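I have placed the structure first, in the form of structure tokens, so that the comments after it can refer back to it.
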Amino acid sequence: MSVRTEIKAVTDRIVERSKPLREPYLDRMRRAADQGPHRNVLSCGNMAHVTAGCGPQDKETLSFTPSANIGIITAYNDMLSAHKPYESYPHMIRETARAAGAAAQVAGGVPAMCDGVTQGQPGMELSLFSRDVIALAAGVGLSHNAYDAAMFLGICDKIVPGLVIAAATFGHIPAVFVPAGPMPSGLPNDEKAATRQKYAKGEIGRDELLKAEMASYHSPGTCTFYGTANTNQMLMEFMGLHLPGASFVNPGTELRDALTQAATRRALQITAAGNEFTPAGEVLDERAFVNGMVGLHATGGSTNLILHLVAMARAAGIAITWEDMSDLSSVTPSLAKVYPNGLADVNQFHAAGGLQFLIRELLDEGLLHEDVRTIAGEGLRHYTREPKVIGGELTWEEAPKASGNDMIVRPASNPFQKTGGLTLLTGNLGTAVIKTSAVKPERRVIEAPAAVFHDQEAVKAAFKAGDLDRDVVVVVRFQGPQANGMPELHSLTPPLGVLQDKGFKVALVTDGRMSGASGKVPAAIHLSPEAADGGPIAKIRDGDIVRVDGETGELIVKAEGFDAREAVTADLSANGFGIGRELFEAFRRNVGPAAGGASVLHPEPVEIPTAAE
């Protein structure tokens, strides 16, 4: 089925807008690919260093045969439960490559921080910037120019976006992304959230809270709620960088290992030395990013990807905007209810039909581009099949055509709602976004007096003192990328949720971020321009009436003479030191605006033609 008119219109304008970037990018990638297998350009001394640490078989393969060499970029560490399984992956990949007459080497490691550890802590101020550091670190690993393809081992919040930026930068070689899967289900997410709210109200102590948290996050694998990490995995399938059905298979299973081995063989098949050369730069085209945005809306994914998709696309010479995302959301039905948008976790979502069911539904409705290149071959229809191990052999079969549970995943003919739940907000405060898919309809429009804060600790203190027991729009400013690295403000969700449950009208307005697991409280986030850049949010005063309208897309302050006010400033010196923050001063000084992806690597804004032009 051909793509719908509305999807084509957004795609066409992205293509047109991106021409000044995309055409030079593709020319660079094709010239790099034309140089052939890159070990050919290395001197004998260079090659001796490439192979010095190898065993005899790999030395022979790399030095004297045209066989392919895979560069492994790994985000393995013991801190992230999602990345713990990667400890054994390089060995498995090397053995699989050798069996195919090729080789694989760990090209480099990249940092991978756990946002679950740094939530509400100073380390969270490094989190967003870690995305660009990851891209830089992966670039260092691949700069040895000795690899015919790259396999990227990464899952969590900033890690996949950083790796995609690197994959696009080295877009002349194939890129295969390899997941590790979610941990088995533990304490239900709604019980965990209820326990957090009890703790916020002082009804239980830290011991009970810790027991609940440890029952939720309990083993190797990705956290099971549909936050940024699992949204990343969805994107890699919708954009054709995973093998079909690979995202949500649990670690330590026969199927998980079979998929990792198959990903290695596929990486070899799509190199220039194979028969299906598929460079990453041509997989990551405008249609792939539109597919990713549609997937984000259809599944109710993390708001963090609103930033990351802009930055990821820019690395591939593609300019996308929040307006593009909002327009796609307006025609994309919401087909999934996974916590925080529902009660199910990703294991239950996967069992109910998961991504393969959704991709087929969206393809059949003309909401996805089918004619795309993927690592699995030509066409997104490959991704309607689910993997199985039968008789010891990995195979793919068509996914069931009916949902296994219509409280979790639904067909396009019977969506949870007709739109994706992402709305662009504009008004005299600037530009922000709101995710309404987890917000009850009666709470999507809030108009109330502002309570203004310069950090989240001050919000928590006001909550404990009872100063917020009223209808209120909590404004938390100086949380943007220039101010302090744009940390997530997820620790505000329990107290604001308590106020909401008391019957008050509550909303959040901030130039910071919210966690991918947040959602029940309406939040106008990523407000741009930010307070530290003199944005209008710096003009709000306590008591000003603020309107956050998730239905019409209105974000305004109703205060006489508001535009003429002087923007306040704040002492941000404390943001510059401690827990590594001093190392990131150059990032804070040079980062671009949130609407441009909050990127240090590409901070300059892309010119958006006006209708008159």
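Conditions (1) farther than 27 Å from Thr436 by Cβ; (2) at pLDDT 95 or above; (3) out of contact with any helix residue (DSSP H, G or I) (no Cβ under 9 Å at 6 or more places or on another chain), marked per residue:
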{"residue": "Arg265", "(1), (2), (3)": "yes, yes, no"}
{"residue": "Ala272", "(1), (2), (3)": "yes, no, no"}
{"residue": "Thr278", "(1), (2), (3)": "yes, yes, no"}
{"residue": "Gly295", "(1), (2), (3)": "no, yes, no"}
{"residue": "Ala298", "(1), (2), (3)": "no, yes, no"}
{"residue": "Val310", "(1), (2), (3)": "no, yes, no"}
{"residue": "Arg314", "(1), (2), (3)": "no, yes, no"}
{"residue": "Ala319", "(1), (2), (3)": "no, yes, no"}
{"residue": "Asp327", "(1), (2), (3)": "no, yes, no"}
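Residues in the stretch 564-606 that are touching a Lys or Arg at 6+ places or on another chain (Cβ under 8 Å) and of a type in the set (Asp, Glu): Glu566 alone. Evaluation of Ile390 against the conditions (1) within 28 Å of Asp12 (Cβ to Cβ); (2) assigned by TED's automatic domain parsing to the domain that holds Thr169; (3) free of Cβ contacts under 8 Å to residues at least 24 places away in the same chain shows that the sole unmet condition is (1). Among the criteria (1) in contact (Cβ under 8 Å) with a residue 24 or more places away in the chain; (2) in a loop (DSSP other than H, G, I, E, B); (3) surrounded by fewer than 24 Cβ atoms within 10 Å (Cβ to Cβ), the one Glu282 does not fulfil is (2).
One line per residue, one yes/no per condition, for (1) in the same structural domain as Phe289 (by TED's automatic domain parsing); (2) in contact with a helix residue (DSSP H, G or I) (Cβ under 7 Å, 6 or more places away or on another chain); (3) farther than 28 Å from Ala258 by Cβ; (4) among the hydrophobic types (A, V, I, L, M, F, W, C):
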{"site": "Thr118", "(1), (2), (3), (4)": "yes, yes, yes, no"}
{"site": "Asn145", "(1), (2), (3), (4)": "yes, yes, yes, no"}
{"site": "Gly162", "(1), (2), (3), (4)": "yes, yes, no, no"}
{"site": "Ile165", "(1), (2), (3), (4)": "yes, yes, yes, yes"}
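Total residues in the stretch 417-439 satisfying the condition of being surrounded by fewer than 24 Cβ atoms within 10 Å (Cβ to Cβ), of a type in the set (A, V, I, L, M) and assigned to a strand (DSSP E or B): the figure is 1. Of the residues in the stretch 47-55, not one is within 18 Å of Ala175 (Cβ to Cβ) and in a helix (DSSP H, G or I). Taken together, the residues in the stretch 557-585 that are among the basic types (Lys, Arg) and within 14 Å of Ala531 (Cβ to Cβ) amount to 1.
Which one of Val452, Val472, Val445 is within 13 Å of Arg547 (Cα to Cα), out of contact with any Ser or Thr (no Cβ under 9 Å at 6 or more places or on another chain) and of a type in the set (A, V, I, L, M)? Of Val452, Val472, Val445, the one residue that is within 13 Å of Arg547 (Cα to Cα), out of contact with any Ser or Thr (no Cβ under 9 Å at 6 or more places or on another chain) and of a type in the set (A, V, I, L, M) is Val472. Give the residues of the stretch 53-75 that are crowded, with 21+ Cβ neighbours inside 10 Å and either within 16 Å of Gly141 (Cβ to Cβ) or at pLDDT 95 or above (or both), sorted by residue number. Those that are crowded, with 21+ Cβ neighbours inside 10 Å and either within 16 Å of Gly141 (Cβ to Cβ) or at pLDDT 95 or above (or both): Asn69, Ile70, Gly71, Ile72, Ile73, Thr74, Ala75. Does Pro495 satisfy being more than 25 Å from Thr552 (Cβ to Cβ), surrounded by 22 or more Cβ atoms within 10 Å (Cβ to Cβ), in contact (Cβ under 8 Å) with a residue 40 or more places away in the chain and outside the structural domain of Gln356 (by TED's automatic domain parsing)? So Pro495 passes the test.
Please tell me if Met92 is among the hydrophobic types (A, V, I, L, M, F, W, C), within 30 Å of Gly227 (Cα to Cα) and surrounded by fewer than 18 Cβ atoms within 10 Å (Cβ to Cβ). Give the derivation first.
Values: among the hydrophobic types (A, V, I, L, M, F, W, C): yes; within 30 Å of Gly227 (Cα to Cα): yes; surrounded by fewer than 18 Cβ atoms within 10 Å (Cβ to Cβ): yes.
For Met92, the condition - among the hydrophobic types (A, V, I, L, M, F, W, C), within 30 Å of Gly227 (Cα to Cα) and surrounded by fewer than 18 Cβ atoms within 10 Å (Cβ to Cβ) - is met.
Checking each residue of the stretch 271-279 against the condition of being at negative phi and not in a loop (DSSP other than H, G, I, E, B) gives no match. Annotation note: of Glu386, Glu393, Glu442, the sole residue that is of a type in the set (D, E, K, R) and crowded, with 18+ Cβ neighbours inside 10 Å is Glu386.
Just checking, does the stretch 366-374 include any residue being crowded, with 24+ Cβ neighbours inside 10 Å and in a helix (DSSP H, G or I)? Looking through the stretch 366-374, none of the residues is crowded, with 24+ Cβ neighbours inside 10 Å and in a helix (DSSP H, G or I).
Could you please find all residues in the stretch 13-27 being free of Cβ contacts under 8 Å to residues at least 60 places away in the same chain and in contact with a helix residue (DSSP H, G or I) (Cβ under 9 Å, 6 or more places away or on another chain)? Across the stretch 13-27, there are no qualifying residues.
Within the stretch 24-40, is even one residue farther than 21 Å from Ala167 by Cβ and either out of contact with any Pro (no Cβ under 6 Å at 6 or more places or on another chain) or exposed (fewer than 11 other Cβ atoms within 10 Å of the Cβ) (or both)? Within the stretch 24-40, one or more residues are farther than 21 Å from Ala167 by Cβ and either out of contact with any Pro (no Cβ under 6 Å at 6 or more places or on another chain) or exposed (fewer than 11 other Cβ atoms within 10 Å of the Cβ) (or both).
Here is a yes/no grid of residues against (1) at pLDDT below 85; (2) in a helix (DSSP H, G or I):
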site	(1), (2)
Asp157	no, no
Gly162	no, yes
Ile173	no, no
Gln197	yes, yes
Ala212	yes, yes
Ser219	no, no
Phe225	no, no
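Consider the stretch 256-270. How many of its residues are part of a helix (DSSP H, G or I) and either farther than 20 Å from Ile390 by Cα or among the aliphatic types (A, V, I, L, M) (or both)?
First, pick out the residues of the stretch 256-270 that are part of a helix (DSSP H, G or I): 256-269.
Filter again for either farther than 20 Å from Ile390 by Cα or among the aliphatic types (A, V, I, L, M) (or both), leaving 258-259, 262-263, 267-269.
The qualifying residues number 7.
Of all residues in the stretch 264-279 being surrounded by fewer than 23 Cβ atoms within 10 Å (Cβ to Cβ) and touching a residue at least 24 places away in the same chain (Cβ under 8 Å), which is nearest to the chain's Cα centre (by Cα)? Outline the logic, then answer.
Filtering the stretch 264-279 for residues surrounded by fewer than 23 Cβ atoms within 10 Å (Cβ to Cβ) gives 265-266, 269, 272-277.
Add one more test, that the residue is touching a residue at least 24 places away in the same chain (Cβ under 8 Å), and what stays is 265-266, 272-274, 276-277.
Values: Arg265: 26, Arg266: 24, Ala272: 29, Ala273: 32, Gly274: 31, Glu276: 28, Phe277: 27 Å.
Among those residues, the one meeting the criterion is Arg266.
Collect the residues in the stretch 561-585 that are among the small types (Gly, Ala, Ser), in contact (Cβ under 8 Å) with a residue 40 or more places away in the chain and more than 17 Å from Met113 (Cβ to Cβ), keeping them in residue-number order. Answer for the stretch 561-585, where residues must be among the small types (Gly, Ala, Ser), in contact (Cβ under 8 Å) with a residue 40 or more places away in the chain and more than 17 Å from Met113 (Cβ to Cβ): just Ala570. Residue count for the stretch 478-495, restricted to those that are within 19 Å of Gly519 (Cα to Cα) and either in contact with a Phe, Trp or Tyr (Cβ under 8 Å, 6 or more places away or on another chain) or in a loop (DSSP other than H, G, I, E, B) (or both): 6.
As a summary of the residue check, Trp322 satisfies the conditions (1) touching an Asp or Glu at 6+ places or on another chain (Cβ under 8 Å); (2) among the aromatic types (Phe, Trp, Tyr); (3) within 16 Å of Val10 (Cβ to Cβ) except for the one numbered (1).
The residue that is surrounded by the fewest Cβ atoms within 10 Å (Cβ to Cβ), counting only those in the stretch 121-155 that are in a loop (DSSP other than H, G, I, E, B) and touching a strand residue (DSSP E or B) at 6+ places or on another chain (Cβ under 8 Å), is His144.
Close contacts from the stretch 294-323, counting a first residue that is at positive phi and a second that is among the basic types (Lys, Arg) and part of a helix (DSSP H, G or I), with Cβ to Cβ under 8 Å and a gap of 6+ residues or different chains, come to Gly317/Arg22.
Which is surrounded by fewer than 20 Cβ atoms within 10 Å (Cβ to Cβ) and of a type outside the set (S, T, N, Q), of Ala507, Ala524, Ala483, Ala465? Break it down stepwise before answering.
Working: Ala507 fails: surrounded by fewer than 20 Cβ atoms within 10 Å (Cβ to Cβ); Ala524 fails: surrounded by fewer than 20 Cβ atoms within 10 Å (Cβ to Cβ); Ala483 fails: surrounded by fewer than 20 Cβ atoms within 10 Å (Cβ to Cβ).
Of the residues listed, the single one that is surrounded by fewer than 20 Cβ atoms within 10 Å (Cβ to Cβ) and of a type outside the set (S, T, N, Q) is Ala465.
The values are calculated or read from the model by the stated rules, or taken from the named source; none is laboratory data. It should be emphasised that the depicted structure is a prediction, and the values quoted were computed from it without experimental measurement. Counting neighbours? That spans all protein chains shown, and the Cβs are built from the backbone with ideal geometry, glycine included.
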